[in-house]
Amino acid sequence: MKVKGNDRRENMSANLKFLTKSVKMKSIPLILISLFFIGLFSKPSIVFAQNEKEENSYSFQTPSRDGTGKFYLGREISQIMGFQGMQWLERASREREEGVSAAIKNLPISEESNVADIGAGSGYYIFRIAPKVPKGKVYAVEIQDEALKYLDEKSEELGFQNVVAVKGNSYSPNLPENTIDVAIMVDVYHELAYPKEMLQSIRRSLKSGGKLILIEYRGEDASIPIKPLHKMTEKQAEKELKENGYRLVKNGKFLPIQHYLIFEKID
């Protein structure tokens, strides 16, 4: 039987009151009482039951080493890489290792396309896509303020007029509805805390027939030196996106170590 968050807290509170009434306070050092209290109320957030909607979409277990303990359709959601990892995103070897130029060359875009990079990070992709859509817009979506500040400053420095930094949140990229031709997530999807809600919000932002492209390290290949939870299999990705109104139309096989999964919005 699942215990609701409020009931759990009430039970804990009752237990604490019982303890303080039943035991002579002088016999228990203050530090032990403090530790007991902290132990009750400073559990990881995943321990407390979530709201009913979230419980229906996600399950919770003890976290693995690099995971959050939160599962979506059988997959444990990974911990996130903060903006402090920007140097890794901008490493000189990235083009050789990941074939970024090929990934951008194969984007289904035109000069008028509106493109969204969700989880844009340092803008490694954004500032390479922007010149290819001079009559469109490129939305750089981030939830971290320092990343948004960097993107704004870098865009101004490079002289781009079509790059728009957008502050999203864990549930939504906060993009205008029916505006985006192509949305991409590069090594981001596996970290989303609320993949179901995010996918549905992205879907609303896509035009009819709009595309969502996931670039993810291949989970089927154990030889790729990336932590398992930071990879995705094609099968798992298709399972999750199909559940949220997308169909897989292509998996490009041209990248060295990543999937290039093109999904289309189902109208």
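What the table shows:
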item	result
Test: residue in the stretch 194-210 that is among the polar types (S, T, N, Q) and touching a Phe, Trp or Tyr at 6+ places or on another chain (Cβ under 8 Å)	yes
Test set (1) farther than 25 Å from Val133 by Cβ; (2) in contact (Cβ under 8 Å) with a residue 40 or more places away in the chain; (3) crowded, with 20+ Cβ neighbours inside 10 Å - Pro173 fails condition number	(1)
Residue, nearest to Asp221 (Cα to Cα), within the stretch 246-260, restricted to residues that are surrounded by fewer than 15 Cβ atoms within 10 Å (Cβ to Cβ) and out of contact with any strand residue (DSSP E or B) (no Cβ under 6 Å at 6 or more places or on another chain)	Pro256
Residues (among the hydrophobic types (A, V, I, L, M, F, W, C), more than 16 Å from the chain's Cα centre (by Cα) and over 15 Å from Ile257 (Cβ atoms)) located in the stretch 196-239	Leu206
Counted residues, the stretch 67-91 - those being part of a loop (DSSP other than H, G, I, E, B) and modelled with pLDDT of 95 or more	3
Selection status of Leu241, surrounded by 21 or more Cβ atoms within 10 Å (Cβ to Cβ), assigned to a loop (DSSP other than H, G, I, E, B), at pLDDT 95 or above and in contact with a helix residue (DSSP H, G or I) (Cβ under 9 Å, 6 or more places away or on another chain)	no
Residue within the stretch 116-139 that is among the basic types (Lys, Arg), at pLDDT 95 or above and within 26 Å of Ala193 (Cβ to Cβ) present	no
Cross-chain or 6+ apart pairs with Cβ under 6 Å, the stretch 195-208 first and under 17 Å from Lys239 (Cα atoms), then at pLDDT below 95	Lys196/Ser57
Residue match in the stretch 162-169 (condition: in a loop (DSSP other than H, G, I, E, B), in the same structural domain as Leu199 (by TED's automatic domain parsing), surrounded by fewer than 20 Cβ atoms within 10 Å (Cβ to Cβ) and within 19 Å of the chain's Cα centre (by Cα))	yes
Flag for Pro131 being surrounded by fewer than 14 Cβ atoms within 10 Å (Cβ to Cβ), more than 14 Å from the chain's Cα centre (by Cα) and not in a helix (DSSP H, G or I)	no
Residue within the stretch 142-149 that is surrounded by 20 or more Cβ atoms within 10 Å (Cβ to Cβ) and assigned by TED's automatic domain parsing to the domain that holds Glu177 present	yes
Contacts under 9 angstrom Cβ, first residue in the stretch 125-138 being farther than 13 Å from Gly159 by Cα and assigned by TED's automatic domain parsing to the domain that holds Val164, partner acidic (Asp, Glu) and in a loop (DSSP other than H, G, I, E, B), 6 or more apart	Lys132/Glu111; Val133/Glu111; Val133/Glu112; Lys135/Glu111; Lys135/Glu112; Gly136/Glu111; Gly136/Glu112
Residue within the stretch 181-203 that is modelled with pLDDT of 95 or more, in contact with a Lys or Arg (Cβ under 7 Å, 6 or more places away or on another chain) and hydroxyl-bearing (Ser, Thr, Tyr) present	no
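The values are calculated or read from the model by the stated rules, or taken from the named source; none is laboratory data. A quick note: this is a predicted structure, and the numbers were derived from the prediction, not measured. With ideal geometry, Cβ positions are generated from the backbone for all residues, glycine too; neighbour counts draw on all protein chains shown.
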